[in-house]
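The values are calculated or read from the model by the stated rules, or taken from the named source; none is laboratory data. If you're wondering where the values come from, they're calculated on a predicted model, not measured in any experiment. No Cβ is skipped: glycine too gets one built from the backbone with ideal geometry, and neighbour counts run over all protein chains shown. Side chains are part of the model used for accessible areas, which takes the heavy atoms of the whole protein and leaves out ligands, DNA and RNA. Shrake-Rupley method; radii C 1.70, N 1.55, O 1.52, S 1.80 Å.
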There are 2 protein chains.
Amino acid sequence: MRRVLAAPDQLDRAFHALADPHRRSIVGRLSRGPASVSELAAPLAISLPAVLQHIDVLHRSGLVRSEKAGRVRTCRLEPAQLHSVEQWIAQHRATWEQRLDRLGGVLDSTYGGAAE
Amino acid sequence: MRRVLAAPDQLDRAFHALADPHRRSIVGRLSRGPASVSELAAPLAISLPAVLQHIDVLHRSGLVRSEKAGRVRTCRLEPAQLHSVEQWIAQHRATWEQRLDRLGGVLDSTYGGAAE
């Protein structure tokens, strides 16, 4: 019996893509608008092939898409995937908080609000 | 020149920890309340040593803490770290959405609302 959440592979890839500071830096740049590969590479102290590898990981994760016009490849953020990741976290944090609220309610009704 | 975001190691570890469906399943279970290692292992079709390794990764990521009483180790979610991850994503999605809003405003003022 194996219980995994919906579309685990997609979430695996998205979380994995975000587990690297250079890739998060690229996502950060793209959140401010589309950028060419050389614009993405400029602030990073790593080789161009390394940048291309990071972009490839982001691409396969669904967080970024890109299109080539002539010799320039322009990358864009794909917000739907960022939203899926955010939703997964928000959902589990909400479950945890609701549990705390219920616990608080039980303490209030048991100790008449005197609980810390 | 290396530009990385605040506490990148912590975020690296947290995103890495969430990039596995078994570890997300453990976080999902803990969002409903503390659980012993054997309770966490029960729904997973993997060996106990594998479960312990996953718990160790979650522990080092700061997402989960645990304490031992007698022979029972009880794990709990550490919501502050889950919140940091959520905030990182929310912040970048917000930047992206604000950019879209500005773009919409420019289109409206240029084309008098006729833009698609």
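Taking the Cα centroid of segment B:32-75 and of segment B:84-98, what is the distance between the two, rounded to the nearest whole Å?
Answer, in whole Å: 30.
With springs only between Cα atoms under 10 Å, which of A:ALA41, A:ALA14, A:ALA80 fluctuates most in a Gaussian network model of chain A?
A:ALA80
Roughly how many percent of the accessible protein surface of chain A is carbon and sulfur, given a 1.4 Å probe and a whole-percent answer?
52 percent
Counting partner chain Cβ atoms within 10 Å of every residue's Cβ in A:27-38, what's the average? Provide the component values of the computation, followed by the final result.
On the way: counts 5, 7, 2, 3, 9, 5, 6, 1, 0, 0, 0, 0.
Mean number of neighbouring Cβ atoms from other chains: 3.
At what distance in nm do the modelled label points of B:ARG32 and B:LEU103 sit from each other, each positioned 7 Å from its Cα along Cα→Cβ?
According to this spin-label approximation, the distance is 4.1 nm.
Give me the angle, in degrees from 0 to 90, between the Cα long axis of helix B:48-61 and the longest principal axis of the Cα atoms of chain B, rounded to the nearest 10.
Helix B:48-61 sits at roughly 50 degrees to that axis.
Can you run phi through the Karplus equation (6.51, -1.76, 1.60; θ = phi - 60°) for segment A:78-87 and list ³J(HN,Hα) in whole Hz, with x for Gly and Pro?
Each residue's phi maps through the Karplus curve to give 10, x, 4, 6, 4, 5, 4, 5, 4, 5 Hz.
If you count only protein heavy atoms and use a 1.4 Å probe, how large is the accessible surface of B:TRP96, to the nearest 10 Å²?
Taking all protein chains as shown, B:TRP96 has close to 40 Å².
For chain B, modelled as a GNM with alpha-carbon contacts under 10 angstrom, which of B:ALA17, B:ALA35, B:ALA90 fluctuates the most?
B:ALA90
I'd like the Kirkwood hydrodynamic radius of the protein assembly as shown, using the inverse of the mean 1/r over distinct C-alpha pairs, in Å. Numbers along the way, then the final one.
On the way: mean 1/r = 0.0504 Å⁻¹.
That comes to 19.8 Å for the protein assembly as shown.
In chain B, if the dipole is taken from +1 on Lys/Arg beta carbons and -1 on Asp/Glu beta carbons about the Cα centre, which of B:THR110, B:HIS92, B:VAL37 is farthest to the positive end?
Value computed over the given set: B:VAL37.
Picking from A:GLN53, A:ALA80, A:ALA17, whose Cα lies most toward the positive end of the charge dipole for chain A (charges on Cβ: Lys, Arg +1; Asp, Glu -1)?
Going by the charge dipole, the pick is A:GLN53.
Please work out how much accessible surface B:LYS68 shows to a 1.4 Å probe, ignoring ligands, DNA and RNA, in Å² rounded to 10.
130 Å²
Angle check, please: helix B:21-31 long axis (alpha carbons) against the longest principal axis of chain B (alpha carbons), in degrees 0 to 90, nearest 10.
Between helix and principal axis, roughly 90 degrees.
How much solvent-accessible surface does A:SER38 expose, in Å² to the nearest 10, with a 1.4 Å probe and all protein chains in place?
80 Å²
Rg/Rh for segment A:1-84: what does it come to with C-alpha atoms and Rh from Kirkwood?
We get a ratio of 1.02 for segment A:1-84.
Build a GNM of chain B with springs between Cα atoms under 10 Å: which of B:ARG65, B:ARG23, B:ARG93 gets the top mean-square fluctuation?
Highest fluctuation among the options: B:ARG93.
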